[in-house]
Amino acid sequence: MLLKVPKEWADRIANRFGKYKGLLTEEEWLQRYKTLYTNRTIGKLTEDQFELLEGGLKPKKGISTGDGKRYFDNVLEGTAREVKSGPVTLSSSSTTIEAFVITIN
C-alpha cells in the first residue's frame, strides 16, 4: 500500500535535494534525510517533555567555540543539562562531554 505524500513534504524534499552537492544518490540521500529529520523531531519532543517534567529552560543563545556554536538542551539554576532521546554509548557520550569541556574552558 502506498501512502500519499503531502505536497509540503514533497516540495521540501525536492528543495533540499536540489541544494545537495554530495555523492549520495537521491534514494540514499532521502533515506539519510528521513532518518535525521525523524531523530531531530524525537529529540525536540524529548527536550520539551524534559523541560515540562524537570523544569529549567532551553537557552535561546548558543556559546561560540572553536567548533562553532554550542547549544545547551536545558539549564536549571546555573547547571547545563544534556538531554538524550536515543541509545547512548560511551563513545557518543564522551564526544558530547569533550565538546562541553571545551565550551566551559
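The values are calculated or read from the model by the stated rules, or taken from the named source; none is laboratory data. Just so we're clear, the structure is a prediction, and the values are computed from it rather than from any experiment. Methodologically, a virtual Cβ is constructed for each residue, glycine included, from the backbone with ideal geometry; neighbour enumeration extends over all protein chains shown. For accessibility, only protein heavy atoms count, side chains too; no ligands or nucleic acids. Shrake-Rupley method; radii C 1.70, N 1.55, O 1.52, S 1.80 Å.
Observations, loosely collected:
- Single condition W29 does not satisfy, out of (1) aromatic (F, W, Y); (2) at pLDDT below 95; (3) over 17 Å from the mean Cα position of the chain (by Cα): (2)
- One residue alone among K58, K69, K84 is among the basic types (K, R), within 13 Å of the chain's Cα centre (by Cα) and open to solvent by 70 Å² or more (accessible area, probe 1.4 Å), and that residue is K84.
- Residue count for segment 72-81 under the criterion of being closer than 20 Å to I102 by Cβ and surrounded by 10 or more Cβ atoms within 10 Å (Cβ to Cβ): the result is 6.
- Checking each residue in segment 64-102 for being assigned to a loop (DSSP other than H, G, I, E, B), at pLDDT 85 or above and among the charged types (D, E, K, R) picks out D73, E77, E82, K84.
- All conditions but one from (1) open to solvent by less than 50 Å² (accessible area, probe 1.4 Å); (2) assigned to a helix (DSSP H, G or I) apply to T35; the one that does not is (1).
- Of the set (1) in a loop (DSSP other than H, G, I, E, B); (2) in contact (Cβ under 8 Å) with a residue 12 or more places away in the chain, all apply to E47 but (1).
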